[in-house]
Amino acid sequence: MKRTKVTDALKCTSYGEQIVVKGWVRSKRGSKGIFFVALNDGSTIKNIQIVGDEAKIPEDIVKRITTGACISVEGRLVESPAAGQASEIQADSIEILGDCDNTYPLQKKGASWEYLRTVAHLRPRTNTFGAILRIRHNMAMAIHTYFHEHGFFYFHTPLITASDCEGAGNMFQVTTKNLYDLKKDEQGRILYNDDFFGEQTSLTVSGQLEGELGATALGAIYTFGPTFRAENSNTPRHLAEFWMIEPEVAFLDQEELMDLEEDFIKYCVRWALDHCQDDLEFLNKMVDKGLIERLQSVLNEDFVRLPYTEGIRILQEARKNGRKFEFPCEWGDDLASEHERYLVEEHFRKPVIMTDYPRAFKSFYMKQNEETPDGGSVGYKGAVAPGPTMQGTDVLFPSIGEIIGGSVREASYEKLLGEIERRQMDMTHLNWYLDTRKYGSCPHAGFGLGFERLILFVTGMQNIRDVIPFPRTPGNAQF
Ligand code: 4AD
Ligand code: MG
């Protein structure tokens, strides 16, 4: 007989029908010759209750129905007398597909997140990780659907690259060289001409630069793929391997870019509320009591659009009024997470899109704001900054901080080249990129959304290691 998924069996009302379900035992209890098994097959957070009669099911089988065991049950679907479930199964026969003894690491309830990371190969079988992973899947579907419906093309950018998009140098090298026998030139620099690609290569930190090639041909593209950063930041928000979504659009200005960022995030959050109700209700009850309310409130708010210079003014005023910050926040400083969270969680109490960042800590490719004779610059809606600024547009979220990093791109060949030279960047790997500005350059803009940061927000989880099946962080590449 064909297996019915638990999610379908629970919705089915053809009582009396004979069905087969298969799954893993979450618990078994019983009394007076009748036993009850909570069975889960991953298709839903909900378990289906199996009712067994010890007079019907052989004793040696009943004994082997232990927590974690995998079983197949054939029986009759009946209306359940128990509260909170529509149907259950009266078992006619049970087959043990896989035994599970008492060394099973997920035996006891209430294991810590830290402990569960050490058994990441099994934690998808817990309620919480099942919920997170189904939500993760649904968010990926939301993203592809959003872009497909809005006329963006899914564009595949390489994972192995010879260029460094963010210019931060936090890259993992890719080589087939024998590391014990590296050939070097007279200055002691490693020679790569005999390496696999004939030059030094790394895993990509962003698909943006190639994404711009797509956007300036197809009009609007997005990437959705793994991204690698060898930054040694051991925080609850950073992974060495994460997934990034990077839309890139021709003919988009700063205001339209912010519209896209806001619309896109809201679409994803709405999708979660519409498609992941059971899993969200579980997480709202067990992990974060304010979760569903927070998701709903993001949908109802207009995001604040705030020039960096104005943000600094608000932070300095707060400090004057006695708010303590660990890190300085003078004009020109990169904002620390505490600053972002103050603005989002305390001052505005809603998401903030920050614009017009100082050139000093933003990437070379961002559009430069018009400079004033006194060395300042003019940005979003005529806002004046005391120094050179660029049209970055990062989205800052409650409890997450930066969820999106984006910008309008510098479309002028001369200005972009000037910036590359000013930063003394290695030109050898950027000529192809500059060609977009040389041949039919166009205004364009885009952003990168960290997939796991979105999942953190949507699940209410606190640590990014717990929203990806197998996290990669400094010192950990297990599983
Ligand atoms: O702000 P970032 O570095 O921007 C870029 O890479 C641009 N090239 C994107 C673009 O404009 N196409 O990264 C974008 C986002 C961040 O806002 C954050 O959500 C996420 O990627 N991110 C990380 N997520 C997890 N672990 C890390 N180590 C991350 N670094 C960035
Ligand atoms: Mg960023």
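Using the Cβ-Cβ distance between residue 108 and residue 346 with R0 set to 41 Å, the FRET efficiency works out to roughly 0.60. Annotation: Cα Rg of the range 284-325 relative to the compact-globule expectation 2.2 N^0.38 Å equals 1.72. Among 79, 340, 255, the ranking by other beta carbons within 10 Å of each residue's beta carbon, starting with the fewest, stands as 79, 255, 340.
Here the residues 455, 420, ranked from fewest to most Cβ neighbours within 10 Å of their Cβ, fall in the order 420, 455. Pairs from the list 32/63; 22/109; 2/28; 56/285; 320/415; 46/108 with a Cα-Cα gap above 27 Å: 56/285; 320/415. Dipole size of the range 61-199 about its Cα centre, with +1 on Lys/Arg Cβ and -1 on Asp/Glu Cβ: approximately 560 debye, rounded to the nearest 20. Most simply put, the chain has about 90% antiparallel DSSP beta bridges, counting only bridges with both residues inside it. Maximal additional length on extending the residue 34-residue 148 stretch stands at 35.8 nm, based on 0.36 nm per residue less the C-alpha distance. With contributions of -39500 (n - 2.57) from each DSSP H run of at least four residues, the per-residue ellipticity at 222 nm computed over the chain stands at -8500 deg cm²/dmol.
Computed over the Cα atoms of the range 306-349, pair by distinct pair, the Kirkwood hydrodynamic radius stands at 10.3 angstrom. Over the range 343-456, what portion of Cα pair distances is larger than 17 Å, expressed as a whole percent? Here the tail beyond 17 Å accounts for 62 percent of pairs. For the chain, the relative contact order is 14 percent, taking Cα pairs closer than 8 Å that sit 6 or more residues apart in sequence and dividing their mean separation by the residue count.
The rule of thumb for compact globular proteins, 2.2 N^0.38 Å, goes into the C-alpha radius of gyration of the range 211-276 1.38 times.
Net charge dipole, the range 8-131: roughly 580 debye, given to the nearest 20, about the Cα centre with Cβ charges of +1 for Lys and Arg and -1 for Asp and Glu. Note on the chain: dipole from Cβ charges, positive end direction compared against 442, 193, 103; the farthest Cα belongs to 103. The spread of Cα positions in the chain, taken along each principal axis and listed from longest to shortest, comes to 91, 60, 44 Å. Packing here is the average count of other Cβ atoms within 10 Å per residue, and on that basis the peptides 300-313, 98-111, highest first, run 300-313, 98-111.
Taken over the range 69-165, the alpha-carbon convex hull comes to 252 cubic angstrom per residue. So if I take the centroid of the Cα atoms in the range 176-193 and the same for the range 29-59, what is the distance between those two points in Å? Taking the Cα centre of each part, the range 176-193 and the range 29-59 sit 63 Å apart. For the range 218-297, the list of chymotrypsin sites (Phe, Trp or Tyr not before Pro) that fall in a loop by DSSP and count at most 15 other C-beta atoms within 10 angstrom reads 251.
Translational diffusion of the range 19-141, estimated by Stokes-Einstein from the Kirkwood radius over alpha carbon pairs at 25 °C in a medium of 0.890 mPa s, is 159 µm² per second.
Candidate membrane-span-like segments in the chain, meaning DSSP H helices with Cα atoms spread over at least 15 Å of their own axis and a Kyte-Doolittle mean of -0.5 or above, are 127-149, with no membrane implied.
Read the figures in this text as sums done on the coordinates, not as results from a lab. Everything quoted here is computed from the prediction, not taken from an experiment. Ideal geometry is used to build each Cβ from the backbone, glycine not excepted, and the neighbour counts take in all protein chains shown.
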